[in-house]
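Structure, as structure tokens:
The values are calculated or read from the model by the stated rules, or taken from the named source; none is laboratory data. Please read these numbers as outputs of a predicted model, since none were measured by experiment. No Cβ is skipped: glycine too gets one built from the backbone with ideal geometry, and neighbour counts run over all protein chains shown. Surface accessibility is based on the protein's heavy atoms, side chains included, excluding ligands, DNA and RNA. Shrake-Rupley method; radii C 1.70, N 1.55, O 1.52, S 1.80 Å.
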Amino acid sequence: MKSFMILCVFLLTTCVFAQKQEFDVIVHQIPAGYKVSKTPDTLIYTKEDSTTGAFCALTLVKSQASKASSNENFKSFWKTLVQGAVKAGNPEVNKPTSDNGWTLESGSSTFELEGHKGIALLITATGHGRVANLLVLTNTDAYKDEIQKFVGTLSLKKPAGTTPIAKPQPQTKKGNFQFTTTNFDDGWTSTEDSDWVTVSKGNLKVLVHYPNKAADEYNSVLKTQTQRAWNTLVAPRYSGIQNFADRSIQSFESIGFAEASAIDKASGKKVYVVLFKKHKSQGDGKYIEFITDSKATFEREFMTYRNEEFGWEKLENFVRRNRFAVASADLTGIWATNTYASLTYYYVSSGRVAGATATSTADEYKFLAGGKYSSDHSGASGQVGNARFSRQTYSGSYTSSDWSIKLTNRFKGEAETFDCYFESVKGGRILVLKDRNNTFFYLAKQ
């Protein structure tokens, strides 16, 4: 059994297949003959032989923020995803492998569920501040080749927004925060405005809109949602709108795309406008408005429209231009965040609920005048109704520069340096910290 599992992990890091599908950071090929079901956090492929009772379930689990090492993540998710669902012992583990910034930990063991025995395989991928999982449950060797083939189609992509486009240089401007303008070394400049961040270079202008309740409200009909966003965010600032077209693409991570020619009321100039949004599975997509003098200029500077859900990174990456340097005086106060994720299991044969697991975390940083800080990190994970809890607190001093902050007396008493920046939202800022394990913390001021 172990040699088979090692082969699966080897294929995961090396094989590339055509006709890929994407689920969060996991790229894969749909297995033939399997039923598919989705939840906000999982994509599940199942197959069952009603005559023999043989079954196989392949569950892709959406990535979440990682706050531990790859080995610790694997151990944690073995407890929550495997032992939280079936009766399984400690896994037979494989040697970790690494590729493209991801470290893969894997293991397998026999399990028992309602008197039926089978094999559980878990592959945990940690990297770029995220952790994603593949869980395989089967009660027969009959699906061995199909499992091996499916795992062989998997690859992992880098999460959007984890790598800066270019290191910004701050400029000082009066306002609630010291830095409200950022110059990027590729010629683009970001400026904080009341309802968006204006990103400009020469005659090119891009507006990264802040979250807007009316525009962001979910609608199962994508074109209806895109039209509402256009009417809310774009249309009021233009006149003489002509040749409007909604070219949105419905998919797992849908593409909102609307275009038109119009007259900019502020300048009186004729412009070509595109409203774009990648509807991310994590729910963190942003509306981005591109303003150029013509459609030809847009296509030359950005991209030609493509009628598929992939290949939109050049537009999508403009959300990463919403970043501003951090002044020490702007840190004073309490900054906090919390996350929650759950996974519900169903019996393949009956469809009944077999149980649920959940993970939640909370992080709070308190920065005081005089360079002192304290932080509180708590979490709970495991089977619903029988969760395991943890908590860690730190205190010490801090020093900061424009794009980093150093905290003393962290894990084992050592100092830790975080990359940091502010993300602008309407009426305030989000403090973003990235630790040495590439884990991101998105903190709101309390």
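Farthest towards the positive end of the charge dipole of the chain, among the residues Gly118, Ser106, Val271, is the Cα of Val271, using unit charges on the Cβ of Lys, Arg, Asp and Glu. Distance between the modelled labels on Ser374 and Ile30, one decimal in nanometres: 5.4 nm (7 Å Cα→Cβ projection). Return the single residue from Ile119, Ile288, Ile26 with maximal mean-square fluctuation; model: Gaussian network over the chain, springs between Cα atoms under 10 Å. Greatest mean-square fluctuation among the candidates belongs to Ile119. Would you give the gap between the C-alpha center of region 212-249 and the C-alpha center of region 129-149, rounded to a whole Å? Between the Cα centres of region 212-249 and region 129-149 lies a distance of 41 Å. Its relative contact order, with pairs defined as Cα atoms under 8 Å and 6+ residues apart, puts the chain at 13 percent.
Along its principal axes, region 25-146 has C-alpha extents of 44, 30, 25 angstrom, given from the largest down. At q = 0.14, 0.19, 0.22, 0.30 Å⁻¹ the log10 of I(q)/I(0) for region 239-292 amounts to -0.43, -0.67, -0.80, -1.12, computed by Debye summation with a single uniform scatterer per C-alpha, solvent ignored.
The length gained on full extension between Asp284 and Ser360, counted as 0.36 nm times the residue separation minus their Cα-Cα distance, comes to 25.5 nm.
Could you look at region 247-310 and say what percent of its accessible area is carbon and sulfur, using a 1.4 Å probe and all protein chains? Spell out each step's value before the answer.
Numbers: 1210 of 2740 Å².
Roughly 44 percent of what the probe reaches on region 247-310 is carbon or sulfur.
At q = 0.10, 0.13 Å⁻¹, what base-10 log of I(q)/I(0) does the Debye formula yield for the chain when every alpha carbon is treated as an equal point scatterer in vacuo? Debye output, listed in q order: -0.82, -1.24.
A straight chain from Asn409 to Asn386 at 0.36 nm per residue would run longer than the Cα-Cα distance by 5.0 nm.
For region 290-332, report the convex hull volume of the alpha-carbon atoms normalised per residue, in Å³, without decimals. Please report the intermediate quantities before stating the final value.
Details: hull volume 4.6 nm³, N = 43.
That works out to 107 Å³ per residue.
Size descriptors for region 269-400: radius of gyration and Dmax over Cα atoms are 22.9, 64 Å.
The convex hull of the Cα atoms of region 341-446, projected and averaged over all directions, covers 9.7 nm².
Hey, any idea what % of region 383-422's accessible area is carbon plus sulfur with a 1.4 Å probe? Let's see the in-between values first.
Working: 1150 of 2550 Å².
Exposed carbon and sulfur together represent 45 percent of the surface.
Model label points for Asp193 and Asn71, set 7 angstrom from Cα along the Cα-to-Cβ axis, are 5.2 nm apart. Take region 247-341, compute every pairwise Cα distance, and split them into 10 Å bins from 0; I just need the percent in each bin. In order of increasing distance, the bins hold 13, 36, 27, 16, 8 percent.
Nearest 500 deg cm²/dmol is fine: what mean residue ellipticity at 222 nm does the chain get from its DSSP H runs of n ≥ 4 alone, each adding -39,500 (n - 2.57), divided by its residue count? Please report the intermediate quantities before stating the final value.
Details: 8 runs with 57 residues, N = 446.
So the calculated ellipticity at 222 nm is -3000 deg cm²/dmol.
Solvent-accessible surface of the chain, taken per residue with a 1.4 Å probe and all protein chains present: 48 Å².
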